[in-house]
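Below is one structure, written out as structure tokens, with a few remarks after it.
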Amino acid sequence: MTAVDTATAPAARTSAGSRLASRVFLIRELGILLALLLLIAGTALANSRFLSAQSIKDLLLGSTILAILAVGQAIVVITRNVDLSIGSVLGLSAFATGSLFLASPGLAIPVVLVVGLALGAVCGAVNGALIAAARAPALVVTLGTLYVFRGIGYSWATGRQINAADMPVGFLRLGTETVLGIPVLTLFAGVVVVLAGYYLRSYRSGRELYAIGSDPAAARLSGIPVGKRVFAAFVASGTLAGLAGVLYAARFGTLDANAGLGAELNVVAAVVVGGVAIFGGSGSVYGAAVGAVLLTTIGSALPVLGVDPFWQRAAVGALILAAIGLDRALALRIGRRLRGRSSHG
Amino acid sequence: MTPPLLAMTGVSKSFGAVAALRDVQLELLGGEVHGLVGENGAGKSTLVKILAGVYPPDAGTLSLDGEPLTLADPAAALAAGIAVIYQEPTLFPDLSVAENIFIGRQPLRSLRRIDAAAMRSSAARLFDRLGVHMDLDRPARGLSIADQQLVEIAKALSFDARVLVMDEPTAALSGVEVERLAGVVRSMRDAGAAVLFISHRFDEIFALCQRITVLRDGRWISSDPVGALTVDLLVRRMVGREVSSMYPKEASTVREARLEVRGLRRQGVFSDVSFTIRSGEIVALAGLVGAGRSEVVRAIFGIDGYDAGEVLVDGKRLPRGSAAAAISVGLALVPEDRRQQGLVMELSVERNATLPRRWSLSRLGLLLWGAERRSARDWANRLQVKAARLSDPVWMLSGGNQQKVVLAKWLSTEPQVLIVDEPTRGIDVGTKAEVHRLLSRLATDGVAVLMISSELPEVLGMADRILVMHEGRLVADIARSRADEESVMLAATGQSGGAR
């Protein structure tokens, strides 16, 4: 049979599809970045103090916790799941941090950090086990654990509040100190974003998360350990929520069982605005992190612009709708373009 | 005597009360292509899924090189060297073509990171072996079925599988692509692999296979060397009865023009497409996959828009891009990709079959369940849909039976102009003849039928007239009396100006 033997290698082809795909990446991620820069520029024009070192620092600090949560959420959403329990996990971890310092004030900060991460990982493992083993939908499972984890927090705290005075100064300084003008907390977030982004892009298991979200049935047929990967995604999300809890304690100092209440919806909003497809399979943690910064910036820019605080939530909502609208428009256009072209010679 | 590379003995598998396979045996030898034929619902796909490690058998054993083999999951089957190409492609729409091939097995560089360059060049080598150009970086989303199938084949090649199972790999391919696939199969066979080849096309089965196994109603019927078989014998064994004729085309009187297409053009897809279809006529739209046939009928039916030209039904101009308007004047389109475009997989058989008529089957906006059920049962009987219950969701049916439900759905609207896109793709011989008889009867009843088909025997056997497309243009209009395989193929490959 000649079709096989006579095939000659075509010269390395610069493919229109790759250019298209990378352009889509650019449109998605850079689009949000552009929106962010426009917002900052516009607000700075209206009020030059918006670009002061202090206000930029505040902005970065304000986005940090949301961005870390958004990275964890993005990892889960990419697999066509969702984790609604992260706000409660953050609350548990933050309160645990305070309680640890209350019990033994001399504890080393890394130890507390590890305990917070471990607590988050355990919560994530509970979610993951329920979803992967029982094959229950993530939306329902994590809605349940949202209340369960919060309830555990309430019964543990029994209305107590932990104050900044109960925590060592070294720990609280973590929340305010800067390196070269960048808050230490933000450096944490930066490391998390870069590591997670690199992992998802360059590791087999990372790519498999995308495959699972893209078509779960095909993933099973391809021999991808779907349950294991989804479990790991929830553990990652829980761990990052645990980290966010420790950082929350360092930043705010005052803790009760309500820390992180309602954070999950903000996080999902940041992820969607950041271009992660809610049905999984595409998007990046970079986008999710920029989405988090964008939402935070809107929160602080609108008052500067004199926008009624009542309209701020509507603005966030409009942004989510715009992000989804853009996604749809792009998908349609690319779909048409890809279909219209015969992809082999 | 060396043991067969892969053997199945006494394998049974039931789903609830339905026995899909009963005491089935199969022996695959290295260096041999083994054909597997049977009607829809005979258990072929179940057998494939057992080999793929998707289903564990209820009873019976598998062995590889004479050693017992247990396949706990698809990963175990791949590890054992068994690669499967499924009937419906199973790609990841968001991942690139190259990643689709190597997912989970990407080449690695230091620190176990993915070596993207090595992955691309390996993928490029695979497509070179297949003799096709494929854009490696584009996402799989939007690839035509034929292209998706090519990616699946490249993926199977990349496994260097010892056992290759192909479940109707050619159903969506046209002549050139089938030849290419046959080449791949032969080269794998010559390299010592065992190939299990499932197809409804006898010419391919006889050209490729050394032995052929027949399944019927989940039971093993026979396994014979190809020399001892004829098409007639095979068909009798598959069906268990005589099939009168594959192409029962009756002569019908051609009357007034029903569907007129004038100068239809869509930038970069097709251009200058004009033809007329009259009442009582079956017109085939032939051409290679990618010639733009499906795109033209989608534009006619109003699913896609077009840039210039017009579509007239009974002399009245159809608004552009409105499927609702097309349906209301009596057009019906049975699409090619039944999973994505033809059926709502989660809904029941009866609900699917009556979907386009939900208004006429309802009073005061409420669906009449009784009327729905009666109508669905009537059509299910006429097309011999095999389902445990008509209230079962459609995804539980076998591929061919799903196709019958799609047909029932549109035929029941009693269309004036019926457009069918690959009406018998993935359908067994028995049903195929049924579908052909149905189309023929519709034509004698005065329906204008436009049939897209990549199967030449079907085109030649059923059509009164054959329109041939090549690269987005209508290049030939051949009357039944003058049509033969050669004239159609020449026009489809752009070799001649055709007989316009």
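The values are calculated or read from the model by the stated rules, or taken from the named source; none is laboratory data. Small disclaimer: the values here were computed from a predicted structure and weren't measured. Neighbour counts are summed over all protein chains in view; Cβ atoms, including those assigned to glycine, are modelled from backbone coordinates with ideal geometry.
At-a-glance table
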{"item": "Given (1) closer than 18 Å to A:THR142 by Cα; (2) touching a Lys or Arg at 6+ places or on another chain (Cβ under 9 Å); (3) surrounded by fewer than 20 Cβ atoms within 10 Å (Cβ to Cβ), index of the condition A:GLY280 fails", "result": "(3)"}
{"item": "In region B:56-78, the residues that are within 12 Å of chain A (Cβ to nearest Cβ) and surrounded by 13 or more Cβ atoms within 10 Å (Cβ to Cβ)", "result": "B:LEU71, B:ASP73, B:PRO74, B:ALA75, B:ALA76, B:ALA77, B:LEU78"}
{"item": "Selected residue (criterion: modelled with the lowest pLDDT) from residues of region A:317-344 that are surrounded by 19 or more Cβ atoms within 10 Å (Cβ to Cβ) and more than 14 Å from chain B (Cβ to nearest Cβ)", "result": "A:ALA323"}
{"item": "Residues satisfying the stated conditions in region B:154-191, i.e. at pLDDT below 90 and in a loop (DSSP other than H, G, I, E, B)", "result": "B:PHE159, B:ASP160, B:ALA161, B:GLU168, B:PRO169, B:THR170, B:ALA171, B:ALA172, B:LEU173, B:SER174, B:ALA191"}
{"item": "Flag if A:GLY223 is on the phi > 0 side of the Ramachandran plot, of a type in the set (Gly, Ala, Ser) and buried (at least 19 other Cβ atoms within 10 Å of the Cβ)", "result": "yes"}
{"item": "Leading residue by the ranking (surrounded by the most Cβ atoms within 10 Å (Cβ to Cβ)) among those in region A:48-72 that are within 17 Å of the chain's Cα centre (by Cα) and of a type in the set (Ser, Thr, Tyr)", "result": "A:THR64"}
{"item": "Residue, nearest to the chain's Cα centre (by Cα), within region A:169-221, restricted to residues that are away from every other protein chain (no Cβ under 14 Å) and among the aromatic types (Phe, Trp, Tyr)", "result": "A:PHE188"}
{"item": "Helices (runs of 4 or more DSSP H) wholly inside region B:403-500 that include at least 2 residues being β-branched (Val, Ile, Thr)", "result": "B:429-444"}
{"item": "Out of B:LEU136, B:LEU157, B:LEU181, sole residue that is within 30 Å of B:PRO457 (Cα to Cα) and among the aliphatic types (A, V, I, L, M)", "result": "B:LEU181"}
{"item": "Filtered residue count, region A:257-271, keeping only those that are at pLDDT 90 or above and either under 15 Å from A:LEU321 (Cα atoms) or of a type in the set (A, V, I, L, M, F, W, C) (or both)", "result": "10"}
{"item": "Candidate set: region A:76-106, residues that are touching a Pro at 6+ places or on another chain (Cβ under 8 Å) and not charged (D, E, K, R); chosen: the one nearest to A:VAL268 (Cα to Cα)", "result": "A:PHE101"}
{"item": "Failed item in (1) farther than 20 Å from B:MET166 by Cα; (2) surrounded by fewer than 22 Cβ atoms within 10 Å (Cβ to Cβ); (3) within 9 Å of chain A (Cβ to nearest Cβ), with B:TYR86 passing the rest", "result": "(1)"}
{"item": "Matching strands (runs of 3 or more DSSP E) fully within region B:235-336 where at least 3 residues are of a type in the set (D, E, K, R), within 14 Å of chain A (Cβ to nearest Cβ) and surrounded by fewer than 21 Cβ atoms within 10 Å (Cβ to Cβ)", "result": "none"}
{"item": "Region B:5-26, subset at pLDDT below 90 and assigned to a loop (DSSP other than H, G, I, E, B), residue farthest from B:PRO74 (Cα to Cα)", "result": "B:ALA17"}
{"item": "Test set (1) in contact with an Asp or Glu (Cβ under 9 Å, 6 or more places away or on another chain); (2) closer than 23 Å to B:GLN403 by Cβ - B:VAL18 fails condition number", "result": "(1)"}
{"item": "Residues of region B:27-47 satisfying the condition of being surrounded by fewer than 22 Cβ atoms within 10 Å (Cβ to Cβ) and assigned to a strand (DSSP E or B)", "result": "B:GLU27, B:GLU32"}
{"item": "Residue tally, condition more than 7 Å from chain A (Cβ to nearest Cβ) and modelled with pLDDT of 90 or more, over region B:128-153", "result": "1"}
{"item": "Residues of region A:275-312 that turn out to be among the hydroxyl-bearing types (Ser, Thr, Tyr), away from every other protein chain (no Cβ under 14 Å) and under 30 Å from A:VAL230 (Cα atoms), as a count", "result": "2"}
{"item": "All positions within region A:177-200 that are in contact (Cβ under 8 Å) with a residue 40 or more places away in the chain and surrounded by fewer than 20 Cβ atoms within 10 Å (Cβ to Cβ)", "result": "A:THR178, A:GLY181, A:ILE182, A:GLY197"}
{"item": "Residue identified as more than 20 Å from B:ARG377 (Cα to Cα) and either of a type in the set (Gly, Ala, Ser) or surrounded by fewer than 24 Cβ atoms within 10 Å (Cβ to Cβ) (or both) among B:SER440, B:SER398, B:SER412", "result": "B:SER440"}
{"item": "Failed item in (1) assigned to a strand (DSSP E or B); (2) under 18 Å from B:ALA463 (Cβ atoms); (3) aliphatic (A, V, I, L, M), with B:ILE221 passing the rest", "result": "(2)"}
{"item": "Subset of region B:98-115 (residues that are assigned to a helix (DSSP H, G or I) and within 8 Å of another protein chain (Cβ to nearest Cβ))", "result": "B:GLU99, B:ARG112"}
